[in-house]
Amino acid sequence: MMTDAELTLLSLLAESPRYGYELQQLVEERGLREWLTIGFASIYYLLNKLEGQQLITSQLRSDGRSPARKYYELTESGRGILQTALIQLLREPRLPGSGFELGLANLHVLKPAQVYRTLIQHREDMRLQLEAMQSAWQRYQQQPQLDMSIQALYTHNLAVMQAEMNWLDDFLAAWHTRYPAVLDEMAKKKTADNPTPHTAKTWFAQTTPPDKLKMIQRLKRIPPKTPGE
């Protein structure tokens, strides 16, 4: 099974032959760094691996003014494997069973206050990720010709993250309704960790859920505009 980084390199080479540094630049320019863990040295390692599998070929080229560069090109075999892998990815729905979902299936193991505190932290982490992705998407929208695949990548992930944020808002409100003592327990724990009354009061105020409808309205983000709107 091919990794995301390998599929990405093959897809970039499907557009045209490219050299290593050019591939690195495209990963940055198209915002793919948000999804891929791939360094400069890793690109050459993967290119050598793909060439060894005969999915790509390479040859030195020079324009006569600068040193020759090694250009990589997709083979017919590589193109066929890439197309098959992409069709499979697009056809299959997202499967349940991630680490987060396994945690949700075993909430009964934790105390109600532990669940509430952990999901509050999870939501805050997701909020920061969502804001970072929204900022990146706004930057890429400034490009004169935005690739539709990049638009799909960002708008889909933004929609999924926003939907999960909305679900967390609803679930946290329902959890607090069922276990109203969770905030008291959290405040006591905070006081035990840091007995300063002012600190405990401030932290308690930050975690007290406001009216559910107002909370959701305030936390919802306006989805970014697509090009041409």
Checklist outcome for this item: Scanning region 115-163 for residues that are within 30 Å of Leu183 (Cα to Cα) and surrounded by 15 or more Cβ atoms within 10 Å (Cβ to Cβ) gives Val115, Tyr116, Arg117, Leu119, Ile120, His122, Arg123, Met126, Arg127, Leu130, Met161, Gln162
Checklist outcome for this item: Checked region 107-132 for anything touching a helix residue (DSSP H, G or I) at 6+ places or on another chain (Cβ under 7 Å) and modelled with pLDDT under 90; matches are none
Checklist entry - Going through region 133-148 one residue at a time, which ones are of a type in the set (Ser, Thr, Tyr) and either in contact with a Cys (Cβ under 9 Å, 6 or more places away or on another chain) or at pLDDT below 85 (or both)? => result Tyr140
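The values are calculated or read from the model by the stated rules, or taken from the named source; none is laboratory data. Everything numeric here is computed off the predicted structure, so don't read it as measured data. All Cβ positions, glycine included, derive from the backbone under ideal geometry; neighbour counts span all protein chains shown.
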